[in-house]
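Student: Sharing a structure, written as structure tokens. Questions coming.
The values are calculated or read from the model by the stated rules, or taken from the named source; none is laboratory data. Every value quoted in this text rests on a predicted model; they were computed, and no experiment measured them. Cβ sites come from the backbone with ideal geometry, for glycine too, and all protein chains shown count toward neighbours.
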Amino acid sequence: MPRLNKFTFSIVSQTVNKNIKIDLPSNDNIQSSFIERGYNQVGSYADFNSTTNVGRCHVFSLPYRFEIFINLNNFFTGGIFNKVRCLFMNDTSSFEHELFALVSQAFPYLEKLYVYNFQAQKNKQHSSTLIVFSHLVKLILSAVHVDYAEQFLFEKKHSFASFTRTHY
């Protein structure tokens, strides 16, 4: 692609290791493979769930230029995603208070948040840190443990300045 001046991407992949063993690359290997090809500003996170034999990876160009961010999980390490308005979070491990605090800082203009996680939270004694979603207008809790509804709707540790509706 000699004419391509800029390549903006957000690639999400999932691999199921059922009958064959696939050695999945590490997060560092994934980033290095893009950097070696001249894409210096790359973010990524990868994980492998040994219980389900499922590996997932999200690699994206920086700065992130898309309005939707999908499949955010516990391996997300942060950053600033000013363009993102809609976020989908899902994982087979529980989401804790600290991850939601990181999300609120990384996605300052978030309007829609979809949470999918049926695992009970491990740390029910949440931090005293206030989590602010100042632009959130829609919260969808789908296939979630009741802990997430309690965390978002009944605790005093979340602030929703523009919040208008919840789906559970």
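Student: Can you pull out the residues in the stretch 123-149 that are farther than 29 Å from residue 67 by Cβ and either modelled with pLDDT of 80 or more or not assigned by TED's automatic domain parsing to the domain that holds residue 103 (or both)?
Tutor: 123, 146
Matching residues to (1) in the same structural domain as residue 149 (by TED's automatic domain parsing); (2) under 27 Å from residue 149 (Cα atoms); (3) modelled with pLDDT under 85; (4) not charged (D, E, K, R):
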| position | (1), (2), (3), (4) |
| --- | --- |
| 4 | no, no, yes, yes |
| 11 | no, no, no, yes |
| 22 | no, no, yes, yes |
| 29 | no, no, no, yes |
| 39 | no, no, yes, yes |
| 43 | no, no, no, yes |
| 56 | no, yes, no, no |
| 71 | yes, yes, no, yes |
| 87 | yes, yes, no, yes |
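Student: Working only within the stretch 64-98, note down all residues that are aliphatic (A, V, I, L, M) and either under 17 Å from residue 140 (Cβ atoms) or touching an Asp or Glu at 6+ places or on another chain (Cβ under 8 Å) (or both).
Tutor: At the first step, the residues of the stretch 64-98 found to be aliphatic (A, V, I, L, M) are 68, 70, 72, 80, 84, 87, 89.
Of everything in the stretch 64-98, those that are aliphatic (A, V, I, L, M) and either under 17 Å from residue 140 (Cβ atoms) or touching an Asp or Glu at 6+ places or on another chain (Cβ under 8 Å) (or both) turn out to be 68, 70, 72, 84, 87, 89.
Student: Can you find a residue that is assigned to a helix (DSSP H, G or I), in contact with a strand residue (DSSP E or B) (Cβ under 9 Å, 6 or more places away or on another chain), at negative phi and not polar (S, T, N, Q) anywhere in the stretch 90-97? Steps first, answer last, please.
Tutor: If we filter the stretch 90-97 for residues that are assigned to a helix (DSSP H, G or I), which is where we start, we get 97.
So of that shortlist, the ones also in contact with a strand residue (DSSP E or B) (Cβ under 9 Å, 6 or more places away or on another chain) come out as 97.
Filter once more, keeping what is at negative phi: 97.
With the extra rule that they be not polar (S, T, N, Q), the set shrinks to 97.
The answer is yes; a qualifying residue exists.
Student: Residue by residue through the stretch 5-21, note down the ones that are over 15 Å from residue 41 (Cα atoms) and either part of a strand (DSSP E or B) or in contact with a Ser or Thr (Cβ under 6 Å, 6 or more places away or on another chain) (or both).
Tutor: Looking only at the stretch 5-21, we keep the residues that are over 15 Å from residue 41 (Cα atoms), and these are 12-21.
Selection gives 12, 13, 14, 15, 16.
Student: Continuing with the same structure: One residue is enough: does the stretch 109-118 have a residue meeting the conditions modelled with pLDDT under 90 and either surrounded by 13 or more Cβ atoms within 10 Å (Cβ to Cβ) or in a loop (DSSP other than H, G, I, E, B) (or both)? Steps first, please.
Tutor: The initial filter retains those residues of the stretch 109-118 that are modelled with pLDDT under 90, namely none.
Scanning the stretch 109-118, I find no residue that is modelled with pLDDT under 90 and either surrounded by 13 or more Cβ atoms within 10 Å (Cβ to Cβ) or in a loop (DSSP other than H, G, I, E, B) (or both), so the answer is no.
Student: Out of everything in the stretch 38-63 that is touching a strand residue (DSSP E or B) at 6+ places or on another chain (Cβ under 7 Å) and not in a strand (DSSP E or B), what residue ends up being surrounded by the fewest Cβ atoms within 10 Å (Cβ to Cβ)?
Tutor: Kept after step one, since they are touching a strand residue (DSSP E or B) at 6+ places or on another chain (Cβ under 7 Å), are these residues of the stretch 38-63: 39, 41-48, 53-62.
Add one more test, that the residue is not in a strand (DSSP E or B), and what stays is 39, 41, 53, 62.
Working: 39: 16, 41: 11, 53: 14, 62: 15.
Here the answer is 41.
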